[in-house]
Each structure stands twice: as structure tokens, then as C-alpha cells.
Amino acid sequence: MPEQKKIMGLAFKPDKHTLIAFLLSAGVIAASAAQLLFMNAANPFLGRFIFSMVMAVGFGICGAFYHSLVMQKMTLIDLGIRTDRIGRMLLISTGIGIVQVLIFTFEAKQPLHFTPDHIEAILYILLAGIFELVFFYGYLQREFEKAFGLIPSLILAAGIYSLHHVGFQPGVYLDLFIVGLVYIGIFRLAGRHAFVLYPFGWGVGACWDVLLDDRINADYFRWEGVIIYAILIAVTFFFNLHLAKKKR
């Protein structure tokens, strides 16, 4: 039985760190769901942007960094943020992006068309990708693998990834679960390396999904939002690195 569990990638060793991972996941999902309150507001951008900050920067990036780097004294490598083999990983990421462009173009039966109006939208989406890669791929999958084994970790992380779209892409949870499972699986197969997907492999799919498939108005993504988002991510990153350094 132990050998079979090893082959199947199963375990059951949850601890307080597993509980923290679940609590942060609940916070991410709740903050996303709260965005629904602003769907019919006079200024939905403001409400959605605020909750994106709470969801992505607060529970997601800050939560993952603090729990991993400060509380558990891990390193950025444990979250998949690494520079070894970066050339090879970026080449794979570019290849994944090109394959997606070909598939999407074939499905749309016309060339994909991005305009200068999409620039700030693309930058905003790429910033959101930092949250996704850090929280779901680097942080959650690792915590769940320690507690439950490889296969359950992939399923759990992909499931929470799917549910966190409740506030902005409700109703397509199965499709999102499959997307999450594939991306997290690629990340894990590449030895937990963020650049196997970011920016091209993940970015092409995300931009097509948001701007061309869901047809979200590019006016929603304003430059002030992009700048504030980038500043908050940078401050969160360096603040937690500072705390981790003091802790050691």
C-alpha cells in the first residue's frame, strides 16, 4: 500500500501550513466574489480594481510571500521564481504561446487582432499573471503536495484556481479547471519554474481569453490601474523580502 501511494503521488500529512493555505484560498475566492456587488455600480472599475488589490496583492501575493518566505523561511525558488535554465524555459514559453496563437486563429477563422488600445489591458493582464503564478502554481501546489501528494495537489490547486474566477468569469468552472490543471502540470513538470509559462505561454492565452473571447472592454484597463498595480506588487515583493531577511 505505501508503494502504491508513492506511485499514485498520494499522502496525508496536513499541518498548520496546510490550513493557512486553505484560509488564504478562501480569502481569494471571497474577495473575487465580492466583485459581484459592483457589477451594476456607477463606477464598476473602482470596485473591481479595489477587490483585485485585496484578492491578488493582499491574499494572493502578500499572503504567499509572507507564509513562504517569512513564516517558513523558504526562498523565491520554492515559489518557482528562479533564473537557472531561464533561456530554455523562455524558449518553451514562447513555443507554447505560438501554438496557442495558431489554435486561436484557426478557431476564430481570422487573424487575431490587437490594437494600441489594448496595450494597457495587456500589461494589466500580465501583472495579474504574477499573482496567478505565485499563488496557485508556486505556493498552493507546493503546500498541497507536501500535505496530500502530487496528484491531489494538482487537482486542489486547479480547483481553487477555477473557483477564484467567480467574480469575473462565473459559469465556466470546468473549462477553467482544465486550463489550471494543464498550466500547473506544465509548471510542475518543468521543475517548478515560472518562466516555462510566463510571460508568453500564459500571457497569450490570458489576453485572448479576456480581450477577444470574453470581449471585455479595453477601456476598463486604465493606465492608472496598471501603474498602481505594478507599484503594489513591487512594494509587497520587496517588503516581504526585507522581512524574510530580518527573520533569518
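Quick check on segment 143-159. Is at least one of its residues open to solvent by less than 20 Å² (accessible area, probe 1.4 Å), of a type in the set (S, T, Y) and part of a helix (DSSP H, G or I)?
yes
Every residue, every condition in (1) within 18 Å of the chain's Cα centre (by Cα); (2) buried (at least 21 other Cβ atoms within 10 Å of the Cβ); (3) among the charged types (D, E, K, R); (4) at pLDDT 95 or above, yes or no:
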residue: A41; (1), (2), (3), (4): no, no, no, no
residue: A64; (1), (2), (3), (4): yes, yes, no, yes
residue: I81; (1), (2), (3), (4): yes, no, no, yes
residue: R88; (1), (2), (3), (4): no, no, yes, yes
residue: P111; (1), (2), (3), (4): no, no, no, no
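Specify the residue that is modelled with the lowest pLDDT; the eligible residues are those in segment 221-240 that are touching a helix residue (DSSP H, G or I) at 6+ places or on another chain (Cβ under 7 Å) and aliphatic (A, V, I, L, M).
The extreme case among them is V226.
Can you tell me which residues in segment 131-167 are out of contact with any helix residue (DSSP H, G or I) (no Cβ under 6 Å at 6 or more places or on another chain) and more than 24 Å from K13 (Cα to Cα)?
Of everything in segment 131-167, just one residue is out of contact with any helix residue (DSSP H, G or I) (no Cβ under 6 Å at 6 or more places or on another chain) and more than 24 Å from K13 (Cα to Cα), namely E132.
Could you give every pair whose Cβ atoms fall below 6 Å, whose first residue belongs to segment 207-218 and is assigned to a helix (DSSP H, G or I) and at pLDDT below 70, and whose second residue is open to solvent by less than 40 Å² (accessible area, probe 1.4 Å) and not acidic (D, E), counting only separations of at least 6 or pairs across chains?
From residues that are assigned to a helix (DSSP H, G or I) and at pLDDT below 70, the pairs are A218/H118; A218/A121.
Kindly establish whether G47 is at pLDDT below 95 and either in a helix (DSSP H, G or I) or open to solvent by less than 30 Å² (accessible area, probe 1.4 Å) (or both). Give the derivation first.
On the way: at pLDDT below 95: yes; either in a helix (DSSP H, G or I) or open to solvent by less than 30 Å² (accessible area, probe 1.4 Å) (or both): yes.
When the stated conditions are applied, G47 passes them.
Give the number of residues within segment 118-133 that are closer than 13 Å to M55 by Cα and aromatic (F, W, Y).
The qualifying residues number 1.
Regarding segment 110-122, can at least one residue be identified that is touching a residue at least 40 places away in the same chain (Cβ under 8 Å), in contact with a helix residue (DSSP H, G or I) (Cβ under 7 Å, 6 or more places away or on another chain) and more than 26 Å from I233 (Cα to Cα)?
Among the residues of segment 110-122, at least one is touching a residue at least 40 places away in the same chain (Cβ under 8 Å), in contact with a helix residue (DSSP H, G or I) (Cβ under 7 Å, 6 or more places away or on another chain) and more than 26 Å from I233 (Cα to Cα), which makes the answer yes.
Can you tell me which of G129, G95, G171, G191 is at positive phi and open to solvent by less than 50 Å² (accessible area, probe 1.4 Å)? Step through it out loud before you land on a result.
On the way: G129 fails: at positive phi; G95 fails: at positive phi; G171 fails: open to solvent by less than 50 Å² (accessible area, probe 1.4 Å).
Of the residues listed, the single one that is at positive phi and open to solvent by less than 50 Å² (accessible area, probe 1.4 Å) is G191.
The values are calculated or read from the model by the stated rules, or taken from the named source; none is laboratory data. Everything quoted here is computed from the prediction, not taken from an experiment. Neighbour counts run over all protein chains shown; Cβ positions are idealised from the backbone, glycine included. Ligands, DNA and RNA are excluded from the accessible area calculation, which covers all protein heavy atoms including side chains. Shrake-Rupley method; radii C 1.70, N 1.55, O 1.52, S 1.80 Å.
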